Every structure is written in C-alpha cells, then in structure tokens.
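Please read the structure below before turning to the comments.
No value in this document is a laboratory result; all are computed from the given coordinates. Keep in mind that this is a model prediction, so the values were computed, not measured. Virtual Cβ from ideal backbone geometry, glycine too; neighbours counted across all protein chains shown.
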Amino acid sequence: MSSSFFRLLIPMLVGIGALLFWEAAVTIGDVPKFVLPAPSVIGAALLENFGSLISALWVTLRITLLAFALAVVGGVALAILFSQSRLIEMALFPYAIILQVTPVVAIAPLILIWVGFDNVNLALLILAWIVAFFPILSNTTLGLRSVDHNLMDLFTLYGATRWQRLWSLQLPAALPYILGGMKISGGLALIGAVVAEFVAGSGSGTGLAWRIIEAGNRLQVPTMFAALLLLSLLGIAIFFALTLLEHLALRRWHESAVNRGS
Amino acid sequence: MSTSPPASDGPLLTLSGVGKSYNGDAPAVADVTLSIERGSFISLVGPSGCGKSTLLRLIAGLLQPSQGTLDWEGGDRPDDLGFVFQDATLLPWASAFDNVYMPLKLKGVSRDAASSKVQEALIRVGLGDVPDRLPRELSGGMRMRVSIARALVTEPPVLLMDEPFAALDEFTREKLDDDLLTLWRDLGWTVIFVTHSVYESVYLSERILVMSTEAGPGQIADDIHIDAPYPRGLSFRQSSAYFDRCKAVSAALRDGDI
Ligand SMILES: Nc1ncnc2c1ncn2[C@@H]1O[C@H](COP(=O)(O)OP(=O)(O)O)[C@@H](O)[C@H]1O
Ligand SMILES: [Mg+2]
C-alpha cells in the first residue's frame, strides 16, 4: 500500500519541483514569453482559450477513438482471417507491412486526393487508422498462433470445430497479446490523428494539431504550450484507460497481471 | 459412471508394422506390432527420445502412421479418448469446473446438463470442493487431478497418458499412482501409460512395453508381464517381488543399449 502511495507521490513531487524551477528560472532570467512562457502564463492561456481548446481536444479525441476502434476491429478480424488460412496470410501480410513501413506523412497527400478535399475528416481517420492498425494485427496474429500445442491437440481429440477452437481457445489465449497491441495502438492512434492533421489540415472542426500550428503562426507560444499540455494529458489518459482495461481483463489468470500478494 | 465393455474376445487395438518418421528423418517409431487387450493397464517405458510420445500420438490419431495400420475393435477409433499430458495443459482462464466441462462443451452438452457429470468427475479425483478455482490457484498435483478429471468426464474407453506425473514430487506422484489404479479398477478403462520411471511402470502395470533406441530406433525391445495381483499398495512397493521385477525391466532397458 505504501509502495503504491510513493509511486504516485514521487513523480508528483518531481513534477511540482520542476514546475517551480521552470517558473523561477524564466522569471529570474527574464525569458521572453514567446521563447519559453512560465507555467503560470501557460495556465492563464489555457483558461483564456479554454472553450476553443476543449472543442479542439474533442475533435482530436473523436478521430483518435474512432481510428482506434476501427483498428482494433480491423486488426483482430484480419488476424482471425490469417489464422484460418495460411494462404490468405501469405497473400496479404506483405501489404500490411508495406502499409506499416510507409511513413504516414508521405501517404497523406494521396489519401487526401482520393477522399476529396471536402472530406478531410475521413482522410484524418484513414491516416490515424493506418498508424494504429498494425500493432493490433501483428500482436493478434502472434497471439492466435501462440496457443499451447497440447491444448490444440486436445481440441482436435475432442472433435472441436474451427469456430469452437477459435472462440474457446485461440481468442482467449490471444487476449493478452491483443490487449498489449491495444496499448501500443492507442497511443499511435493519437499520434496518427495529430500528424495527419498537421499534414492534411483540419476537417469540419479544428483539432489540437491545427490549433498548435495556428498559435505558432501568430507566435502565441503560451497557447501552443496549453494545446501541447492537453495533448499529453489525452495521451496519458488513453494509456491509463487501456492499462486499466488490461488489468481488469487479465488480473485473475494471466501471469502479467496477477497480484502475487506481496 | 461405468463403462461396460461389450462382450468380445478380440483385442481392443492391434498395431501391425506401425512406423512413423517425421518429414523424412530417421524413423521415430519403427515396425511396432502389438495388440492391446480391453481393460488392460499397459506402460511404455524407455529413455527420452525413443519414440514413446510418438507412439502414443499415433494411437490417439493425432499423428498418421507412415507405415503399417492400427485396427480398432469395431472398426473406428473410439470418439472419446482421454489424453493426459505431462503438463496439466489446462485453460488458464477457466475454473477447474470449466476445464473439466470443456470436452462436453465441445460436444455441445449444455452447462446445466453437464454439471452433475463434471462435479462427479471432480469428486472422483478428490477435487469436489474446489470447482471454482483457477489453475493458478491450484497446486501442481491438484492441476494434474483436474487434467485427469477432464480425461474421464467423457467416460472414455481408453485413457492415454504421456508421462503424466513426471513433473510432480515423489509423494504426490505415489498418491496419484494409487488413485489412478483405483479409478482404473472402478471404471474398467484401458490405460496406456508412458513413463520413463521403471519403478512407476512396475507398480502400475499389468504389462510393460520396453522401448529403446539402440535395439533399432523406436522399436519395442521387450514385452514384460507383471503378474502381481491388484490392489497393489505399500506392501507391494516394499516387497522383494517388486524389486525383482524392477530389476528385470531395468535389465531389459539396458539390453537394448548393447
Ligand atoms: N514434431 C516432431 N518433428 C520432428 N521430430 C520429432 C517430432 N516429435 C518428436 N520427434 C523426434 O522423434 C523422436 C522420438 O520422440 P518422442 O516420441 O517425443 O520420444 P519420447 O517421448 O520417448 O521422449 C525423437 O528423436 C524426436 O526428436
Ligand atoms: Mg515424450
């Protein structure tokens, strides 16, 4: 109990100390606001633009979550398809890799042309999805294949159908891998959404990335920092939500999440 | 839960010239010819790598022979074969109950309909009071008991066991040996039991098939009958008759080495 308390307390103390040092250094050194604003100035900028920043956050969040959800569904579904047929896997896996290794920044203009410039939201979604998709696919593929061979034999012995084998054996066995992939992919979906907005611009609503560019153009550095802060908080929230999900799903049986009572 | 063997004189299973080589390698099992009587307790002993598991998997139908044939009484391999591995091989996310229920679930039996059978199987292996525990909450011996309960829940005529107790401590192993013998006598199974322990095979079996690599790869070097009466217990374990038979089996194993 005390160890988890310290695990929260220590990073918080470090953070507060760093903020105080930052504030003091900027004030004493008389650093201009457009180079490095003090935390108090950033806080003020956040409050002042709160409404517009939150609505930008909402736009980015929506694209991130949608891309993430589609990545989970698509990645798991494709991995299941691969697990059912070596031929399909052999035929398609290389293209999944190509999609993964091609920098999303480089594909953005093409996607934008394909979906049309009046459909930027869709382009952002596709780009974020491309970034988030691969970890789910590769982790799930690995997980579906990592089933204990003896258990597979046992299912054969009892005459299990493909569907029974998938549902009662392979998917539960792959769950830790899928959740691990989701943790990586959640962060990537956010990065994808932000990078895509940098490259492709905003759709119907302005996202956080666009707010950062705008503020930069106007040298509103405190607002840039405020937007950055919201992005980090969003990333952290996504990470913790997925960690919590992983913990809840695995805590009873999987070695990685079991509380050993110490 | 009793299987009544149909009246018949022929062997349950006959292997004729059965051989297996994995993708063109030297054969893991070669030219095995033998018959297995219904209701018998047979051990396969031999050093590791001599082809015991391969032979057991051939019998289970998990592998197809490269040569020879397996003929089951009545034509086909029975639908329900119990198989117990060296590791308990349980579903780690499923309770003891659900692990034992698994074979019935795969056959489409509903949980309610299976419930009394599953509970009975758990009671038979001495785990009637912990159906809700997950594998990681059970000791190694208890996990193996779940594995045995899972193998017997379908009331299989044949139980195949691949070094099932090899990873357990000696106390637990001897206890499980005794419990297995009791189940075998109660249920009228045919048991084929793979072990690398001469002592365990002599204690358990009516008949011991000695495999060795040197007598020729994957062949059965000797076929020894252990004619001691059942029930066997501590007095048998400590009798000179027991040790004599252990010596004989050990000698048969060594003969193969020349
Ligand atoms: N799946 C496999 N592929 C290739 N060779 C195998 C495989 N399984 C077993 N073998 C080989 O077959 C031989 C017999 O193995 P096995 O039947 O497992 O012996 P045992 O159970 O007596 O230790 C060994 O030489 C082993 O390397
Ligand atoms: Mg083996």
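The H on the amide N of B:VAL194, modeled in the peptide plane, is under 5 Å from the matching H of B:LEU44, B:MET161, B:ASP162, B:GLU163, each at least 5 residues off or on a different chain. Would you calculate the volume per residue, in Å³, of the smallest convex hull containing every Cα atom of the protein assembly as shown? With only Cα atoms used, the protein assembly as shown gives 219 Å³ per residue. Connecting C-alpha atoms closer than 10 Å in a GNM of chain B, tell me which of B:ALA28, B:ALA248, B:ALA149 has the biggest fluctuation. In the Gaussian network model the winner is B:ALA248. Between A:ASN119 and A:VAL101, residue separation times 0.36 nm minus the direct Cα-Cα distance comes to 4.0 nm. The H on the amide N of B:GLN219, modeled in the peptide plane, is under 5 Å from the matching H of B:ALA30, B:SER212, each at least 5 residues off or on a different chain. By the equivalent-ellipsoid construction on the alpha carbon gyration tensor, the stretch B:94-158 comes out with semi-axes of 18, 13, 10 Å, ordered largest to smallest. Can you give the FRET efficiency for B:SER35 and A:ARG145, using 1/(1 + (r/R0)^6), R0 = 41 Å, r = Cβ-Cβ distance, to the nearest 0.05? Efficiency, from the Cβ-Cβ distance: 0.55.
Local charge for A:THR161 was computed over the other residues whose Cβ lies under 14 Å away, with Lys and Arg +1 and Asp and Glu -1, and equals +4. A compact globular protein would have a Cα radius of gyration near 2.2 N^0.38 Å; the ratio found for chain B is 1.01.
In plain terms, the C-alpha convex hull of the stretch B:118-258 casts an average shadow of 9.3 nm² when viewed from every direction. Once the Cα-Cα distance is subtracted from the 0.36 nm per residue extended length, the B:PHE236 to B:THR69 segment shows a gain of 56.4 nm. The per residue volume of the convex hull around the alpha-carbon atoms of the stretch B:23-62 is 91 Å³. GNM remark for chain A: springs join alpha carbons under 10 Å apart, and the peak mean-square fluctuation among A:PRO172, A:PRO94, A:PRO11 falls on A:PRO11.
The fraction of all Cα pairs in the stretch A:96-159 landing in successive 10 Å bins from 0 to the largest distance is 19, 32, 20, 14, 12, 3, given as whole percents. Placing +1 on each Lys and Arg Cβ and -1 on each Asp and Glu Cβ, with no other charges, gives the stretch B:66-203 a dipole about its Cα centre of roughly 420 debye. Against the empirical curve 2.2 N^0.38 Å, the C-alpha radius of gyration of chain A lands at a ratio of 1.24.
The Rg/Rh ratio for the stretch A:3-131 is 1.16, where Rg is the radius of gyration of the alpha carbons and Rh is the Kirkwood radius. Measuring r between the beta carbons of A:LEU233 and A:TRP163 and using R0 = 45 Å, the FRET efficiency lands at 0.60. In order along the stretch A:213-218, the phi-based Karplus estimate (6.51 cos²θ - 1.76 cosθ + 1.60, θ = phi - 60°) of 3J(HN,Hα) comes to 4, 4, 4, x, 4, 9 Hz; Gly and Pro are listed as x. Its Kirkwood hydrodynamic radius, worked out from the mean inverse distance over all distinct Cα pairs, puts the stretch B:1-126 at 17.1 Å. Couplings 3J(HN,Hα) for the stretch B:151-160, derived from phi with the Karplus relation 6.51 cos²θ - 1.76 cosθ + 1.60 (θ = phi - 60°), are 6, 9, 5, 8, 6, x, x, 10, 10, 10 Hz, where x marks Gly and Pro. Distant-in-sequence amide contacts of B:ARG207, defined by a placed amide H-H separation under 5 Å and a gap of 5 or more residues or a different chain, comprise B:PHE41, B:SER43, B:ILE226. Here the Karplus curve 6.51 cos²θ - 1.76 cosθ + 1.60, taken at θ = phi - 60°, turns the phi angles of the stretch A:127-140 into couplings of 5, 5, 5, 4, 5, 7, 6, 5, x, 5, 4, 6, 5, 5 Hz, with x standing for Gly and Pro.
Bridging of A:LYS33 to lysines at a Cα separation below 24 Å is possible for none of them, once same-chain residues fewer than 8 apart are set aside. For the stretch A:167-198 and the stretch B:161-182, write down the distance between their C-alpha centroids in whole Å. Taking the Cα centre of each part, the stretch A:167-198 and the stretch B:161-182 sit 43 Å apart. With the cut-off at 18 Å, report for the stretch A:141-262 the share of all Cα pairs above it, as a whole percent. When every Cα pair of the stretch A:141-262 is considered, 67 percent fall beyond 18 Å.
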